[in-house]
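K.L.:
Below is one structure. I have some questions about it.
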Amino acid sequence: MWLILAFLSAALLGCYDSFKKEALKGNAVIPVLFLNTLFSSLIFLPFIVLSAKTTWLDASDFHVASGGWEVHKYILLKSLIVLSSWLLGYFGMKHLPLTIVGPINATRPVMVLVGALLFFGERLNLWQWVGVTLAVMSFLLLSRSSKKEGIDFRHDHWIWMIVGSAAMGAVSGLYDKYLMAPAGEGGVELDRMMVQSWYNIYQCLMMGAMLLLLWWPNRHKITPFRWKWSIIGVSIFLSTADFLYFYSLSLPDAMISIVSMIRRGSVIVSFLFGAALFHEKNLKAKAVDLALVLLGMIFLYIGSH
């Protein structure tokens with residue numbers, strides 16, 4: 001069950017990346033990110049209120065547990081980690097082709113894998129190791145094919161922002177496993193709906209402060225903000241993808257290294273959007289990288305059974 005949820009989350013995450021690229025095209029990054037966190041917060045706010053004031057959601061998958069500072073301090077740290085990843089990722093995606101950003105993000109599970117091996121004692125079989133190896137090979141090939149578009153992986157700071165975003169995303173994935181894991185297994189065993197609901201709200205507050213202190217005073221000197229309906233789509237697809245992701249991690253025997261790798265299969269969806277809607281270049285060479293990522297997903301799926 002957790003595998004199916006992870007694959008569904010990956011498909012929605014690909015739509016999220018595509019809508020995000022459209023929302024950021026020629027637009028100011030900070031207001032777009034603020035609105036994304038705002039709309040995501042509004043999606044989950046009714047669940048928080050109904051869970052606290054009524055019994056309607058009791059025993060349902062949408063019930064949000066309550067807790068004090070001893071719980072919220074973990075969620076606040078989660079918000080800081082994710083927001084750091086998003087800030088780097090949003091700025092990088094604005095200036096890079098979607099068909100390059102997606103495959104780079106697909107290497108995130110390799111970082112998660114190292115952490116899972118070190119901190120959670122997870123072990124992969126031969127099929128799964130082959131899948132990871134293929135993901136690494138796709139990154140190396142992508143760095144070569146991107147030179148045809150004048151993008152040097154070693155010296156392009158937008159590339160390093162995407163890499164930094166992927167690294168922080170890997171930290172977030174490992175932290176999610178810690179938050180979801182039972183106390184008997186060294187985790188905190190937090191309610192998944194509580195984590196997802198409140199971390200969105202905390203991020204919205206942080207981005208609101210950043211909007212007022214950094215962007216608003218300089219809004220006339222930098223890229224102006226333009227409203228796009230794709231901004232709402234970003235929040236909807238992300239919230240749904242994350243709901244399935246947290247649900248997957250909360251199930252018994254779920255492996256963060258495998259869930260994270262499957263989620264990176266979202267590159268397939270975003271690649272198709274990049275080719276069809278954004279008419280990006282050098283697609284044949286990038287298709288080879290994409291094929292390796294897809295093959296890696298297949299090996300991981302076989303290995304998990």
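K.L.:
Test residue 212 against the stated conditions and say whether it is out of contact with any helix residue (DSSP H, G or I) (no Cβ under 6 Å at 6 or more places or on another chain), over 22 Å from residue 235 (Cβ atoms) and open to solvent by 50 Å² or more (accessible area, probe 1.4 Å).
P.N.:
no
K.L.:
Would segment 26-33 turn up any residue that is over 30 Å from residue 128 (Cβ atoms), among the small types (Gly, Ala, Ser), modelled with pLDDT of 95 or more and within 13 Å of the chain's Cα centre (by Cα)?
P.N.:
no
K.L.:
For segment 70-84, which positions are open to solvent by 40 Å² or more (accessible area, probe 1.4 Å) and either modelled with pLDDT of 95 or more or of a type in the set (Ser, Thr, Tyr) (or both)? Step through it out loud before you land on a result.
P.N.:
Of all residues in segment 70-84, those open to solvent by 40 Å² or more (accessible area, probe 1.4 Å) come to 70, 73-74, 76-77, 80, 84.
Across segment 70-84, the qualifying residues are 73, 74, 76, 77, 80, 84.
K.L.:
Can you name the number of the only condition in (1) open to solvent by 10 Å² or more (accessible area, probe 1.4 Å); (2) of a type in the set (Gly, Ala, Ser); (3) assigned to a helix (DSSP H, G or I); (4) within 22 Å of residue 199 (Cα to Cα) that residue 40 fails?
P.N.:
It fails just one condition, (1).
K.L.:
Can you confirm whether residue 66 is at pLDDT below 95 and buried (at least 16 other Cβ atoms within 10 Å of the Cβ)?
P.N.:
Taking the combined requirement at face value, the residue does not satisfy it.
K.L.:
Follow-up. Quickly run through segment 253-281 and pick out the residues that are open to solvent by 40 Å² or more (accessible area, probe 1.4 Å) and closer than 14 Å to residue 6 by Cα.
P.N.:
Listed by number, the residues that qualify are 253, 255.
K.L.:
Can you pull out every residue in segment 16-32 that is polar (S, T, N, Q) and more than 21 Å from residue 212 (Cβ to Cβ)?
P.N.:
Narrowing segment 16-32 to residues polar (S, T, N, Q): 18, 27.
Across segment 16-32, the qualifying residue is only 18.
K.L.:
Every residue in segment 1-59 that is polar (S, T, N, Q), out of contact with any Leu (no Cβ under 8 Å at 6 or more places or on another chain) and more than 20 Å from residue 200 (Cα to Cα), please.
P.N.:
Across segment 1-59, the qualifying residues are 27, 54, 55.
K.L.:
Take the residues in segment 51-78 that are assigned to a helix (DSSP H, G or I) and without any contact (Cβ under 8 Å) to a residue 12 or more places away in the chain, then tell me which one is farthest from the chain's Cα centre (by Cα).
P.N.:
53
K.L.:
Any residue in segment 217-228 that is open to solvent by 40 Å² or more (accessible area, probe 1.4 Å), of a type in the set (Lys, Arg) and without any contact (Cβ under 8 Å) to a residue 40 or more places away in the chain?
P.N.:
Looking through segment 217-228, at least one residue is open to solvent by 40 Å² or more (accessible area, probe 1.4 Å), of a type in the set (Lys, Arg) and without any contact (Cβ under 8 Å) to a residue 40 or more places away in the chain.
The values are calculated or read from the model by the stated rules, or taken from the named source; none is laboratory data. Please read these numbers as outputs of a predicted model, since none were measured by experiment. Every residue, glycine as well, gets a Cβ built from its backbone with ideal geometry; the counts of neighbours run over all protein chains shown. Surface areas here come from the heavy atoms of the whole protein model, side chains and all, with no ligands, DNA or RNA. Shrake-Rupley method; radii C 1.70, N 1.55, O 1.52, S 1.80 Å.
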